[in-house]
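Peer 1: First the structure, then my questions, so here it is.
The values are calculated or read from the model by the stated rules, or taken from the named source; none is laboratory data. Here the structure is a predicted model, which means the values were calculated and not measured. Reconstructed Cβ throughout: ideal geometry from the backbone, glycine too, with neighbour counts over all protein chains shown. These accessible areas exclude ligands, DNA and RNA; they are computed on the full protein's heavy atoms, side chains included. Shrake-Rupley method; radii C 1.70, N 1.55, O 1.52, S 1.80 Å.
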Amino acid sequence: MSEQARRRTPTSPKGAPPKAPRPHRRPKKDPVRILAFEVLRAVDERDAYANLVLPPLLKKAREKNEGFDGRDAALATELVYGTLRRQGTYDAIIAACVDRPLREVDPPVLDVLALGAHQLLGTRIPSHAAVSATVELARVVLGDGRAKFVNAVLRKIAQDDFDTWVARVAPPYEDDAEDHLAVVHSHPRWVVSALWDALGGGRAGIEELLTADNERPEVTLVARPGRATTAELAEAADTEPGRWSPYALRMAEGGDPGTIEAVRESRAGVQDEGSQLVAIALANAPLDGPDTRWLDGCAGPGGKAALLGALAAERGAALLASEKQPHRARLVERALAGNPGPYQVVAADGTRPPWREGSFDRVLMDVPCSGLGALRRRPEARWRRRPGDLDGFAPLQRGLLTEALRAVRVGGVVGYATCSPHLAETRVVVDDVLKKTGGAELVDARPLFPGVPSLGDGPDVQLWPHLHGTDAMYLALIRRTA
């Protein structure tokens, strides 16, 4: 045998025949973790929202893989939302385990590492299983080379539990309270500051709120009056009564609203109890004179409009639901389809309305906002928003409220609502518009939330996840006086 052939054909000791090369093992595909990774990539690459991306992927997985059951869907959901909610904390922990700035780590690698960190630190999955499953995922979606990097980082993370890591990577509260809370509770520092200002100070309250933002929200149903009843929904699914709204039911964990006939027929819907309370409060606000014409000026995607339409129908009133974006207006039409009373849906810009001044008795203006009040449901929004975004919303919010006050008749009532507790989107907007327009006064909204505690000094109402179990909805009621 030539010398060249000897280099190409290694021999074993003592002249034994050479061993066959070890076959390359294909990575084992895990549909649950691959699905979770795909959702995280969509959130990062396309600015998608997990609550819109995840359901169709779960449906596709069930249709494609008969073995993909409810437990798999629950795990995929937990991996996605748990990772997104704790992303800031996990990033700080991962940064302590790598030898380069996180911005130099490829985003897909960071997504895999975050999924692994959540399994290690935020679930009951055994450490060895969490590392093994995540490394296998890395081999499938990243390749063998980067899977080795993932393995090394996760083994470092696995050496300590969540509390130990947080104590290591978060600055002491005494040195920098906002940064400490930001790392511990996985919120951007500016969001912590804004929420703290809205609450009015105190460590206990802000920690309770940030903790509530990281908890999985309940699925809440609304039985639209005159179309469905809470008793009907309770017979169709495992539920408990809502805390505050007479039309609300809370579904048991893992319940699927899509299995309920009334939901499929739009006689009922999925709606946070805070949103229900805002619509109910506007509908019940006292006013003088006729009560036959109602307006929802920012109606998309239709949840509040459907409840308002049902309440209006009970009183013989007609609802006009307006939404600027045509595709969202179609969602409103779908939500209102079959409403027992008169209604109309139009695609119109609320800042340049087609209706005449003083046309309505009641007006709801649930304005576009930062969405900081719904971080439980859309945890990715906390990382996507920037402080400068509020400057972009400000002119629109003021314009919509100004036009709402023109749209309502003298003696009628406007409800200004946001799904944000940020003062720049709530009281500051209301105060600015009232100073400029005149001829309007605030109405105490608190009596219109019967039984709901901790509503503050009024006259407006701010709901909170940690106090009320709702999204952080804000409502100011304003009566036109001239």
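Peer 1: Would you mind telling me the share, in percent, of accessible area of region 224-277 contributed by carbon and sulfur at probe 1.4 angstrom?
Peer 2: Ligands and nucleic acids excluded, carbon and sulfur give 46 percent.
Peer 1: For region 147-186 and region 212-236, what is the separation of their Cα centres, given in Å?
Peer 2: 37 Å
Peer 1: If you don't mind, there's one more thing I want to ask. Determine Rg/Rh for region 176-238; Rg is computed over alpha-carbon atoms and Rh is the Kirkwood hydrodynamic estimate from the same atoms.
Peer 2: Using only Cα positions, Rg/Rh for region 176-238 is 1.28.
Peer 1: Hey, another quick one. Filter the DSSP H helices in the chain by two things, a Kyte-Doolittle mean of at least -0.5 and an axial alpha-carbon span of 24 angstrom or more, and list the hits by number.
Peer 2: 389-407
Peer 1: A further question follows. Highest mean first, how do 465-477, 341-353 rank when packing is the count of other Cβ atoms within 10 Å averaged over residues?
Peer 2: 465-477, 341-353
Peer 1: Can you give me the P(r) profile for region 60-127? Cα pairs, bins 10 angstrom wide beginning at 0, each as a whole percent.
Peer 2: P(r) over region 60-127, rounded to whole percents: 19, 43, 27, 10, 1.
Peer 1: Still on this structure, I have one more. Per residue, how much accessible surface does region 419-465 expose to a 1.4 Å probe? Answer in Å², no decimals.
Peer 2: So region 419-465 comes to 45 Å² accessible per residue, rounded to a whole number.
Peer 1: Could you pull the accessible area for D161 with a 1.4 Å probe, rounded to 10 Å²?
Peer 2: In the full protein context, D161 sits at about 90 Å².
Peer 1: Now for a different question. With every protein chain kept in place and ligands, DNA and RNA left out, what is the accessible area per residue of region 249-341? Probe 1.4 Å, answer in Å².
Peer 2: Counting only protein heavy atoms, the per-residue value for region 249-341 is 39 Å².
Peer 1: OK, next. Can you compute log10 of I(q)/I(0) for region 374-455 with the Debye formula, treating each Cα as one identical point scatterer, at q = 0.24, 0.25 Å⁻¹?
Peer 2: Log-scaled intensity ratios, in q order: -1.23, -1.27.
Peer 1: Now for a separate question. Determine the order of T239, T292 by accessible area, beginning with the largest, at a probe radius of 1.4 Å.
Peer 2: I get T292, T239, largest accessible area first.
Peer 1: Next question. Evaluate region 257-322: find the radius of gyration of its Cα atoms, find its Kirkwood radius, and give the ratio Rg to Rh.
Peer 2: Here Rg/Rh amounts to 1.00.
Peer 1: Just to be sure I understand: of the beta bridges DSSP finds with both ends in the chain, what percent are antiparallel, rounded to 5?
Peer 2: For the chain, the DSSP antiparallel bridge percentage is about 55.
Peer 1: While we're on this one: Sorting check: for 114-121, 98-105, which peptide has the highest mean count of neighbouring beta carbons within 10 Å, and how do the rest follow?
Peer 2: 114-121, 98-105
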